[in-house]
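Taking it in order: structure first as structure tokens, then the write-up.
The values are calculated or read from the model by the stated rules, or taken from the named source; none is laboratory data. Only a predicted model underlies this, so the values are computations on that prediction, with no experimental measurement involved. Because the Cβ atoms are built from the backbone with ideal geometry, glycine has one as well, and the counts that use them run over all protein chains shown.
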Amino acid sequence: MAVQLAPEVVGDAVAILIYSFFCLACSLFLFWLVWCHNERRSYVILLAFFMSLSIVASIIQQINTIVWWRSIKTAQYENLVANIGHTELNITGASTGLDLALFYIQYYCYNVEAMLVVCWAAELAQSIFQLRRRMAKLPMGLIAKGTAVFVPVLQMILLRTSAVQNSKFGFMVLADAILILSFLFGSVLLLGILVKYIHSRTALLSWKVQYGQHSGGTLPMSEARSQPGNVQSSPRRSIYDSWLVVRFTIAFVVLGLFELVVIFFQLRAANSNNVANLPAQPDLSPSKARTDFVLFVPGVSAGIFTYIVFGTTRTFREYLVKLVLPKRLWEKRELRRSRKK
């Protein structure tokens with residue numbers, strides 16, 4: 001089967017595809033690390049899961065585009081001509097068929113991630129400020145995570161209904177509501193957390209985030225199975241560290257910038273979605289192909305970024321060292337550490 005993508009662009013497309021697989025590997029690796037530490041209800045594992053799902057959809061779309069480039073662009077142009085001015089084109093970019101389905105999978109994941117981050121910010125604020133919850137007996141964390149997963153499902157369903165698509169304003173509001181509200185509420189919560197953090201530092205007060213200290217996890221599975229006979233089993237260590245607020249701030253800022261970029265491209269598409277901007281024919285030029293593949297990069301980069309931010313805590317680093325070191329060296333290392341205590 002012949003590849004329809006222009007030969008001079010294939011190298012760039014393959015490089016981006018390889019990079020996407022690397023980002024997927026980072027995201028899955030983070031998922032595996034958190035899973036091994038039995039933090040299977042944490043925000044980190046949920047973020048890693050949905051980022052992995054989004055990257056898989058992106059990889060499928062990239063492969064499909066490489067193979068069927070000319071056919072896809074022609075179908076998109078025909079869809080654009082037939083539905084010029086239609087509100088859905090503002091966010092889907094005239095995608096059809098498999099590409100349209102893959103777009104909605106990725107867009108669903110983006111909205112889930114946005115809600116997960118703002119819910120996490122709320123739990124961090126509650127932990128730092130020791131806010132008293134009237135409904136403390138309810139599993140608010142699980143409720144928040146469930147809401148973050150299922151509300152975007154409803155959003156995607158509504159975006160596909162003709163009643164919503166017939167209203168340009170209503171469609172755009174619904175499409176961007178979760179991203180915008182999550183960014184705004186998250187910014188307020190994060191600002192409060194940072195004010196508390198800076199005040200504690202400048203006043204030379206102790207700073208300790210209690211979040212994640214009692215999440216019910218246990219020792220990593222491999223560590224629980226093979227503790228040295230003469231080394232006492234240490235209590236479970238949290239997957240979070242004293243840099244949690246800094247790590248979360250970095251993640252929130254980068255994710256927020258990505259959300260703003262997504263909204264910017266949607267608004268720009270909405271302004272050009274008219275007959276006056278309709279091209280005379282589909283753009284099959286190599287420059288257009290390169291641009292399309294470069295636009296895959298921001299979405300998949302979340303995988304490697306999330307691992308760098310949340311997968312490099314001391315707990316994870318030591319766990320990886322344990323996996324790499326021979327058993328004898330690890331036991332000697334643990335004995336030396338236990339004698340120093």
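Which residue, of 247, 290, is over 29 Å from residue 7 (Cα atoms), of a type in the set (D, E, K, R) and not in a loop (DSSP other than H, G, I, E, B)?
247
Would you pick out the residues in segment 251-266 that are more than 13 Å from the chain's Cα centre (by Cα) and in contact (Cβ under 8 Å) with a residue 24 or more places away in the chain?
260, 261, 262, 263, 266
What's the number of the only condition in (1) buried (at least 17 other Cβ atoms within 10 Å of the Cβ); (2) at pLDDT 90 or above; (3) in a helix (DSSP H, G or I) that residue 269 fails to meet?
For residue 269, the exception is condition (1).
Search segment 8-27 for residues that are in contact (Cβ under 8 Å) with a residue 40 or more places away in the chain and pair each with any residue that is surrounded by 15 or more Cβ atoms within 10 Å (Cβ to Cβ) and among the basic types (Lys, Arg) when their beta-carbon atoms are under 7 Å apart and the residues are at least 6 apart or on different chains.
These pairs meet every condition: 9/290; 12/290.
For segment 9-19, state whether one or more residues are surrounded by 20 or more Cβ atoms within 10 Å (Cβ to Cβ) and either of a type in the set (Asp, Glu) or within 15 Å of the chain's Cα centre (by Cα) (or both).
Taking every residue of segment 9-19 in turn, none turns out to be surrounded by 20 or more Cβ atoms within 10 Å (Cβ to Cβ) and either of a type in the set (Asp, Glu) or within 15 Å of the chain's Cα centre (by Cα) (or both).
State all residues of segment 34-44 that are in contact with a Ser or Thr (Cβ under 9 Å, 6 or more places away or on another chain), part of a helix (DSSP H, G or I) and surrounded by 23 or more Cβ atoms within 10 Å (Cβ to Cβ); if no residue qualifies, say none.
34, 44
Name the residues in segment 268-289 that are under 24 Å from the mean Cα position of the chain (by Cα) and touching a residue at least 24 places away in the same chain (Cβ under 8 Å), would you?
Within segment 268-289, just 269 meets the criteria.
Hey, can you tell me all the residues within segment 45-91 that are among the polar types (S, T, N, Q), surrounded by 17 or more Cβ atoms within 10 Å (Cβ to Cβ) and over 17 Å from residue 283 (Cα atoms)?
Passing the criteria: 52, 54, 58, 61, 62, 87, 90.
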